[in-house]
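**Student:** Starting off with a structure, shown below.
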Amino acid sequence: MIANKRQSLIVDKIQINGAVSATELAKEFKVSIETVRRDLMVLEKKNLLERVHGGAIAVGKMMTYHTLSERKGESVEEKIALSITAEKLVCDGDVIFIDSGTTPVYFARRIKEKNITVVTASLEVFNELSGSLAKVILCGGEYSSESASFCGALALETLSKIYVSKAFICPSAVSLKHGICDFSQDIYPIQKQAMERCDKVYILASSDKFERNGLLKLSEMNKDFIYVTDGALNNEYKKIYIENGIKIMTGEEKL
């Protein structure tokens, strides 16, 4: 098969599946891994894909920013599903940080009867946990109606004096190439500090947020983080993420 034809088929596969494995392409086209890598380099130069370790992914798209009220009606089933999985990561006695946004509220709902301490800057998470078994520490400061959370110097000062065992961060976008991203300039510093003030970081993101870009980069894709999503995550994405040493949880894995 000539190179142009093979490269055209690779582009078709990327458009259909979102990602391709170099090993699988080599087997399918009966060529060497080196040949596949050259094909991927040519296609990347044409901005038709993005190379990653083990293969390639579709060119990342910018996630559309929606207001908090708009996000409350989006991907509800997926947020509930990933929250059920994330609940298994919380044990009695834990001290955890929970991010701001809509996904954190579903997550808080799942863990409210655990004997834990929750640190948050989210008013909605605080309200969800009020009166529950969980003890809540609210990082107060300047209130942002955009994110329904507290932000600024006072909130950061409170968080700087606290260390948690687990931080549950809920970004707007996750991408192998572009990292973990968000949009809100209010909660961005809080998220960054929480990720630095913990033993373990868990990224909670519905499947529609994968291989998307956001305005503000929180972090590179870190192999020490655990990425929790729902069962609708593209299988090709999951394969490539695993090949890159990224730990993905969709609820199907044994803990």
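The values are calculated or read from the model by the stated rules, or taken from the named source; none is laboratory data. Quantities reported herein were computed from a predicted structural model and do not represent experimental measurements. Quick reminder, even Gly has a Cβ in these numbers, built from the backbone with ideal geometry, and neighbours come from all protein chains shown. Keep in mind that these areas ignore ligands, DNA and RNA; they rest on the heavy atoms of the full protein, side chains included. Shrake-Rupley method; radii C 1.70, N 1.55, O 1.52, S 1.80 Å.
**Student:** What percentage of the solvent-accessible surface of the chain, computed with a 1.4 Å probe over protein heavy atoms, is contributed by carbon and sulfur atoms?
**Tutor:** Numbers: 6040 of 11890 Å².
Carbon plus sulfur share of accessible area: 51 percent.
**Student:** For the pair K161/V31, report the inter-label distance in nm, with labels modelled 7 Å from Cα in the Cβ direction.
**Tutor:** Computed distance between label sites K161 and V31 equals 6.2 nm.
**Student:** Quick one: which residues, 5 or more positions from L218 or on another chain, have an amide H under 5 Å from its amide H? H modelled 1.01 Å from N in the peptide plane, none for Pro or chain starts.
**Tutor:** I180, C181, D182
**Student:** So, one more: Given the options M41, M221, M195, state which has the largest fluctuation in a GNM of the chain using a 10 Å cut-off (strictly under) for Cα springs.
**Tutor:** Taking springs between Cα atoms under 10 Å, the residue moving most is M41.
**Student:** Another one. Gap in Å between the Cα centre of the range 205-255 and the Cα centre of the range 72-121?
**Tutor:** 17
**Student:** Using DSSP to define loop residues, name the GluC sites (Glu not before Pro) in the range 110-205 whose beta-carbon has at most 12 other beta-carbon atoms within 10 Å.
**Tutor:** Those that pass, being in a loop and sparsely packed, are E113.
**Student:** Do any GluC sites (Glu not before Pro) in the range 1-93 lie in a DSSP loop with no more than 13 other beta carbon atoms within 10 Å, and if so, which?
**Tutor:** E74
**Student:** Next up: Quick one: go through the range 1-27 and flag any residue whose amide nitrogen is under 14 Å from the point 7 Å out along the Cα-to-Cβ line of I242.
**Tutor:** Within reach of a label on I242, which here means backbone N under 14 Å from a point 7 Å along Cα→Cβ, the range 1-27 contributes 21, 24.
**Student:** Can you give the calculated 222 nm mean residue ellipticity of the chain, where each DSSP H run of n ≥ 4 adds -39,500 (n - 2.57) and the sum is split over every residue, rounded to the nearest 500 deg cm²/dmol?
**Tutor:** Mean residue ellipticity at 222 nm (helix-derived): -10500 deg cm²/dmol.
**Student:** Let me ask something else about it. Can you give the accessible area per residue of the chain, in Å², using a 1.4 Å probe? Working shown, then result.
**Tutor:** Working: 11890 Å² over 255 residues.
Value returned for the chain: 47 Å² of accessible area per residue.
**Student:** Under the 0.36 nm per residue contour assumption, what length would be gained going from the current alpha-carbon distance of L9 and K72 to full extension?
**Tutor:** Details: separation 63, 0.36 × 63 = 22.68 nm, distance 3.90 nm.
Length gained, L9 through K72: 18.8 nm.
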